[in-house]
1. May I ask what percent, to the nearest 5, of DSSP beta bridges between residues of the chain are antiparallel?
2. Each label point is 7 Å from the Cα along the Cα-to-Cβ direction; what then is the distance between the points at GLU124 and GLU45, in nm?
3. Counting only heavy atoms of the protein chains, get the accessible area per residue of region 1-115 (1.4 Å probe) and round it to a whole Å² value.
4. In square angstrom, what is the accessible area per residue of region 121-246 with a 1.4 angstrom probe?
5. Calculate what fraction, in whole %, of the accessible area of region 208-303 sits on carbon and sulfur atoms when a 1.4 Å probe is rolled over the protein chains.
6. Can you sort VAL90, VAL262, VAL43 by 1.4 Å-probe accessible area, starting with the largest?
7. Calculate I(q)/I(0) for the chain by the Debye formula, one identical point scatterer on each C-alpha and no solvent, and give its log10 at q = 0.07, 0.14, 0.15 Å⁻¹ to two decimals.
8. From Cα coordinates alone, what are the radius of gyration and Dmax values for region 134-206 in angstrom?
Amino acid sequence: MLLLGIETSCDETAAAIVRDDRAVLSSIVASQVDIHAQWGGIVPEAAARMHVERVNPVIQQALDTAGIGFDGIDAVAVTHRPGLVGALVVGMAAAKAISFARKIPLVGVNHLAGHFYSPFLSAEPRFPCIALIVSGGHTELVYSKAPEKFQLIGQTLDDAAGEAFDKTARLLGLGYPGGAALSELAKQGDSTQIKLPRAKLSTPFDFSFSGLKTAVLRYVQSAPKGFSKPDLCAALEMAIAEPLVSRTMAGAETYGVGTVTVSGGVSANRTLRSLMASACEQNGFELLMPEPHYCTDNAAMIALAGWYRLQTHGPDDFDLDAYAYGDWSS
Ligand code: KG4
Ligand code: ZN
């Protein structure tokens with residue numbers, strides 16, 4: 001079975017062909033990041049218009065790369081929540097048209113479930129597991145007993161981890177979205193030189209990062225001229241990664257799982273990956289993380305999530321709708 005995955009929830013227009021044995025035949029991502037960078041953030045109307053221009057060529061490229069035509073696809077999976085509604089509907093219109101014309105199943109995918117399954121594009125899926133999903137808009141800790149069985153056990157109470165990276169990067173003039181650039185600069189820094197706070201929370205699996213951005217702003221405003229940007233970046237990386245790792249470990253222990261997964265754009269972060277790997281090794285958990293190109297938004301993860309959803313819930317109707325918000329309920 002070959003699935004076409006389509007993703008247009010934010011600022012990436014993506015299409016992919018994935019086989020039911022999880023082999024990725026093609027994964028095309030057309031990023032709009034350079035265009036939104038001039039405004040310092042995503043402009044929803046501009047994102048939607050660019051998806052309109054790009055969605056068909058990107059789908060065609062995914063088919064060409066996989067060496068198949070529309071007649072080679074057996075089902076279409078498309079992100080329908082959460083995301084920018086004007087952006088989501090573009091991918092959904094394309095998916096519905098293909099499903100209707102080809103008379104093949106249509107399946108709506110939760111973008112976060114896409115991130116959840118992304119480590120399984122390159123490793124054997126394992127359940128039960130604890131999944132940390134860290135992206136620009138979300139920071140969630142999920143317990144999953146089996147495919148499509150999700151229980152949200154913790155989340156950020158304010159900013160997402162990616163937001164904390166991006167806001168600091170902006171403050172330091174590193175562009176938008178600055179997570180990767182900040183991490184690059186952090187390589188030359190010493191994380192012990194600048195003290196940044198860790199949030200004290202009364203719940204065991206939640207996160208909070210909004211205090212960090214205030215602390216960084218205060219530091220920048222009061223620090224002597226010529227302070228070390230690399231040291232500040234390195235300190236920020238640790239201040240974000242440490243609670244992510246310790247609370248994920250606590251979740252894995254409490255829920256008695258053998259496997260931990262980390263996914264979403266921030267899972268590309270070098271420091272988070274290495275701290276998580278050491279903690280899992282020390283505590284005896286298997287760790288699965290996506291390959292770097294499947295950390296950020298892509299459609300291969302949407303196709304795989306669509307396959308699981310088809311097995312458990314069957315196809316959706318053409319009245320499938322777009323939603324700005326999405327939770328883990330089915
Ligand atoms: O998953 P994603 O592509 O989009 C959302 O669904 O939000 O995640 C994008 C986020 C951005 O905040 C970006 O700065 C962050 O992932 N990011 C990183 C790195 N690469 C991307 N953050 C830290 N270190 C990185 N290497
Ligand atoms: Zn995402």
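1. On the way: 26 of 44 bridges.
The answer is about 60 percent antiparallel.
2. Modelled inter-label distance: 5.3 nm.
3. Details: 4320 Å² over 115 residues.
Ligands and nucleic acids excluded, the result is 38 Å² per residue.
4. Details: 5790 Å² over 126 residues.
Normalised by residue count, the accessible surface of region 121-246 is 46 Å².
5. On the way: 1980 of 3760 Å².
Whole-percent figure for carbon plus sulfur exposure: 53.
6. Working: VAL90 20, VAL262 0, VAL43 50 Å².
Final ranking, largest accessible area leading: VAL43, VAL90, VAL262.
7. Summing over Cα pairs of the chain leads to -0.28, -1.07, -1.20.
8. Over region 134-206's Cα set, Rg and Dmax evaluate to 15.3, 44 Å.
The values are calculated or read from the model by the stated rules, or taken from the named source; none is laboratory data. Every value quoted in this text rests on a predicted model; they were computed, and no experiment measured them. Glycine also receives a Cβ, built like all others from the backbone with ideal geometry; neighbour counts cover every protein chain displayed. Heavy atoms of the whole protein, side chains included, go into the accessibility calculation; ligands, DNA and RNA do not. Shrake-Rupley method; radii C 1.70, N 1.55, O 1.52, S 1.80 Å.
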